[in-house]
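Here the structure comes first, spelled out in structure tokens, and everything after it is commentary.
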Amino acid sequence: MAISTNGKGSAADGAPRCIALVGPFGSGKTSLLESLLARTDTVARQGSVGDGNTVGDASPEARAHGMSVELNIADATYLGDRFVFVDCPGSVEFLSEMDGALSGVDLAVVVAEDDERKVPALQLILKALEARAIPRVLLNKIDKSTRRVRDVLGLLQPASAVPLVLRQIPIWEGGQATGFIDLALERAHVYHEKEPSTQIDMSDEDRAREHEARFTMLEHLADHDDDLMEALLEDIAPDRDRVFADLVNEMQDGLICPVFFGSAEHGNGVSRLLKALRHEVPQVDRLAQRLLGSQERQSLQVIKTLHTQHGGKLSIARILEGQVSDGDSLFRNGVEEVKVSGLFSIFGQQANKIATAGKGDLVALGRLDSVQTGDLLAQDTGEMKSLYTPEPRPPVLATAIAAAQRKDEVRLSAALAKVAEEDPSLTISQNQVTAETLLAGQGEMHLRVAQERLSGKYGLDIAAHTPHLPYAETIRSGTRVRGRHKKQSGGHGQFGDVVLEIAPLPRGEGVQFSDTITGGVVPKQYIPSVRDGVMDALQRGPLGFPVVDVSVCLTDGSYHSVDSSDQAFKMAGILAIRDGLSECKPVLLEPIDKVVIACPSDTTAKVNAIVSTRRGQLLGFDARPDWPGWDEVQALMPEAEIGDLIIELRSATAGVASYTSEFDHMAELSGKAADLAMQRSGKQQAA
């Protein structure tokens, strides 16, 4: 989100409600935001994603790739009620943006469609909402549907832990949805292109459909309302106000997920959705109660961190209680004092300076350097309630990154820190073995966008390549070897003489050094120097990699009373190791990780095949706990095969698979596989 901090603005009266627009990639969230802004007269003309003129997805990276890669925020007023819409990316690679936003929203509109391939992705979204107890409604793209509404509901239901309850049914004409019937109001409406719908009389056929669908809706509501259940059993028509109250209460309590229909592209159903939001979205007090408990204190929930090119750091936060003004002092998590330096309202790419903001507002706070996404800010000190914080999404792909010019190394380090602060699902680490800086994230596009920001936003010339693998080597046999360093160049010479016994150790034992020196053939003060030489030489064995799982014992040697020194014995140790290792049948070792892959159950066979073709050893698979319709595949895999594993996994699972991995052991690698590994490593080092 490349925010521009130009322009003027002021905080409006009233407590707006904050609504997240979420859903799988390509489901139409940005189009829905645009339609909502057009219907509320917030924008003069509804933009189009294809034309690149929408309020959302206006950053250079989003425009370039034609997809949401960050949060898009816009506020609107409808019939006197204020709303803040937060459009969240739908790609699994950018779901951490949604994770942060969900900490500050009152309700989520889940945008879905009639596509069985996207049901697992929909389940990822709904799981996140369910874990945070966020009320939600589902909006289906009726203009793209090819099957009956009850079949659509059956298709989508496995993604939701609670019943999907129809609030509307479509009116069909010539295979097209020309309107809808509101099951709560029992009224029929006809769509108009980018205009509000109008009420019409129901046909006898539609009335029969409405009666059946409404009864099903009431049955779902009666599961949590004994009085309504009794009325249905006695065939008594329930009071309409009671029906509405049940719909609202059960939705807000997360017991049901109401389903609406519409088409954001054509503006169909948007007015009905807005009316539902007016009456059914909970006030910010409900969120404050969930986050703060009984504490009534001025507080803000930080949902996003931004670094702007000219305005510095911005912390986007939802005001849960009280009001905030420019220059106020706040306390981070009730302890550390921070001072607001600039207060802004946000609309698309614009951050407009304001003086004060109140309860419910979503604002940007300037220059709170120590504040992080997820923090709670309060006006006073004191203990803050512990919040539910989702586990960071583990990285699944990494690239080694460096400044193309040495003079930019410090700038790159600072830029990487800012990019990772904006997006907590990016991780920056240093591989001590390969001496590389690794940028790891959620997939190929995620890393590409991060690199584009480093280049475009921070003006850095970046060099990136596949990370080197931490290969090692060991030995299969032992030897006894003498190393002698003797040099005479006038004056004091150099003399060190050692005899080493080199032997293999069991896998995972590392490197062991010992000595059995007796009689002072190597003075005690020189033994540490011999050890240093041995350790230095073991950093690069005959195959070009660090040597592990080997024992070295200093058994004999000799010295010169004048020419011997620490440096001479260190060199003797180095020479002995270099000569001896080549006689010990060196062998390459590759790292093996334990991998756990999460995937939809109907793709498990494909995932097993992928693991097998990548030299993986399958350990088994089982149902994923608390994830109906998903499995977890466990395997041991060489790290060399894991590098781009996620690309193939996502291709086989409609973009939803993920995995975790951890180092398990080192294993011998020989034959053509070893030759290829050494060849590949040599080319990388040369580059």
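Treat each spin label as a single point 7 Å out from the Cα along the C-beta direction, and report the residue 51 to residue 558 distance in nm.
9.3
Which FRET efficiency, nearest 0.05, do residue 133 and residue 237 yield, Cβ-Cβ r, R0 51 Å?
E between residue 133 and residue 237, to the nearest 0.05, is 0.95.
Between residue 229 and residue 150, what is the label-point separation in nm under the 7 Å Cα-to-beta-carbon projection?
Going from the residue 150 label point to the residue 229 one covers 2.3 nm.
Using only the Cα atoms of region 317-464, each taken as one equal point scatterer with no solvent, compute I(q) by the Debye sum, divide by I(0), and report log10 of the ratio at q = 0.11, 0.21 Å⁻¹.
-0.57, -1.22
Taking the Cα atoms of region 288-378, what is the range of coordinates along each of the three principal axes, in descending order and whole Å?
Sorted from largest, the Cα extents of region 288-378 read 39, 23, 20 Å.
Long-range amide H contacts for residue 397: which residues qualify at under 5 Å (H placed 1.01 Å from N, peptide plane, sequence gap of 5 or more or a different chain)?
Here the answer is 441, 443, since their amide H atoms fall under 5 Å of that of residue 397.
May I ask you to compute the full-extension gain from residue 367 to residue 516, defined as 0.36 nm times their residue separation minus their alpha-carbon distance, rounded to one decimal in nm?
Difference between extended and current length: 47.3 nm.
Can you compute the modelled spin-label distance between residue 77 and residue 244, with each label point 7 Å from Cα toward Cβ, in nm?
Computed distance between label sites residue 77 and residue 244 equals 2.4 nm.
Provide the per-residue ³J(HN,Hα) series for region 667-674, in order, calculated from phi with Karplus coefficients 6.51, -1.76, 1.60 and θ = phi - 60°, each as a whole number of Hz, with x at glycine and proline positions.
Result, rounded to whole Hz: 10, 5, 10, 9, x, 4, 4, 5.
Please provide three numbers in whole Å: the alpha-carbon extents of region 202-320 along the principal axes, with the largest listed first.
63, 42, 17
May I ask which of 407/570; 407/457; 141/359; 304/359; 141/457; 29/339 have a Cα-Cα span longer than 24 Å here?
407/570; 141/359; 141/457; 29/339
How high is the FRET efficiency between residue 116 and residue 670 when r is their beta carbon distance and R₀ equals 51 Å, given to the nearest 0.05?
Working from the Cβ atoms, E equals 0.65.
Kindly work out what percent of the DSSP beta bridges joining two residues of region 477-584 are antiparallel, to the nearest 5.
Around 75 percent of the beta bridges assigned by DSSP in region 477-584 are antiparallel ones.
Output wanted: per-residue J couplings in Hz (rounded whole) for region 309-314, from phi through Karplus 6.51 cos²θ - 1.76 cosθ + 1.60, θ = phi - 60°, x for Gly and Pro.
3J(HN,Hα) across region 309-314, in whole Hz: 6, 10, x, x, 7, 10.
Straight-line reach from residue 353: which aspartates and glutamates have Cα under 18 Å away, leaving out those fewer than 8 places along the same chain?
Within the straight-line limit of under 18 Å, residue 353 reaches these aspartates and glutamates: 13, 75, 326, 328, 361.
Full-extension gain between residue 44 and residue 663, please, as 0.36 nm times their residue separation minus the C-alpha to C-alpha distance.
217.2 nm
What relative contact order, as a whole-number percentage, does region 477-584 give when Cα pairs under 8 Å and 6 or more residues apart are counted?
Relative contact order comes out at 44 percent.
Tell me, 668, 436 in order of fewest to most beta-carbon neighbours within 10 Å?
Ranking 668, 436 by Cβ neighbours within 10 Å, fewest first, gives 668, 436.
Stretched out fully, how many nm does the piece from residue 404 to residue 612 gain, at 0.36 nm a residue minus the Cα gap?
Gain in length upon complete extension: 71.1 nm.
Collect residues whose amide H, placed 1.01 Å from N in the peptide plane, falls under 5 Å from the amide H of residue 171; neighbours closer than 5 in sequence don't count.
178, 179, 180, 181
Computed over the Cα atoms of region 67-147, what is the ratio Rg over Rh, Rh following Kirkwood?
0.98
Taking R0 as 41 Å, what's the FRET efficiency between residue 157 and residue 594 from their Cβ-Cβ distance, rounded to 0.05?
0.75
State, as an integer percentage, the relative contact order of the chain based on alpha-carbon contacts under 8 Å between residues 6 or more apart.
Taking the mean separation of contacting Cα pairs over the length of the chain, I get 11 percent.
So who's got an amide H within less than 5 Å of the one on residue 264, skipping anything under 5 residues away but keeping other chains? H placed 1.01 Å off N, in plane.
So residue 264 has HN proximity to no qualifying residue.
Aspartates and glutamates near residue 524 by alpha-carbon distance under 20 Å, same-chain residues fewer than 8 away left out - which ones?
497, 501, 515, 532, 536, 556, 563, 566
What Kirkwood radius, in Å to one decimal, follows from the Cα pairs of region 491-587?
After inverting the mean inverse Cα-Cα distance, the result is 13.5 Å.
Enumerate the aspartates and glutamates that residue 313 could reach by cross-link, defined here as Cα to Cα under 14 Å, with residues fewer than 8 away along the same chain left out.
Counting by Cα, and skipping residues close in sequence, residue 313 has these aspartates and glutamates nearby: 369, 421, 422, 423.
How large is ³J(HN,Hα), in whole Hz, for each residue of region 411-428 in order, when computed from phi with the Karplus curve 6.51 cos²θ - 1.76 cosθ + 1.60 and θ = phi - 60°, using x for Gly and Pro?
After applying 6.51 cos²θ - 1.76 cosθ + 1.60, I find 4, 5, 4, 5, 5, 4, 4, 5, 4, 6, 5, 5, 10, x, 7, 8, 10, 10 Hz.
Compute from the Cα atoms of the chain the Rg and the Dmax, the latter being the longest Cα-Cα distance, and quote both in angstrom.
That works out to 32.2, 115 Å for Rg and Dmax.
Rounded to the nearest 5, what % of the DSSP beta bridges within the chain are antiparallel ones?
In the chain, DSSP labels about 80 percent of beta bridges as antiparallel.
Highest mean first, how do 104-110, 509-515 rank when packing is the count of other Cβ atoms within 10 Å averaged over residues?
Those peptides, ordered most packed to least, come out 104-110, 509-515.
What are the equivalent ellipsoid semi-axes of region 599-687, built from the alpha-carbon gyration tensor (square roots of five times its eigenvalues), in whole angstrom, biggest first?
29, 14, 11
Bear in mind that the values in this text are calculations on the coordinates, not laboratory data. Everything numeric in this text was worked out from a predicted model, so none of it was measured. Because the Cβ atoms are built from the backbone with ideal geometry, glycine has one as well, and the counts that use them run over all protein chains shown.
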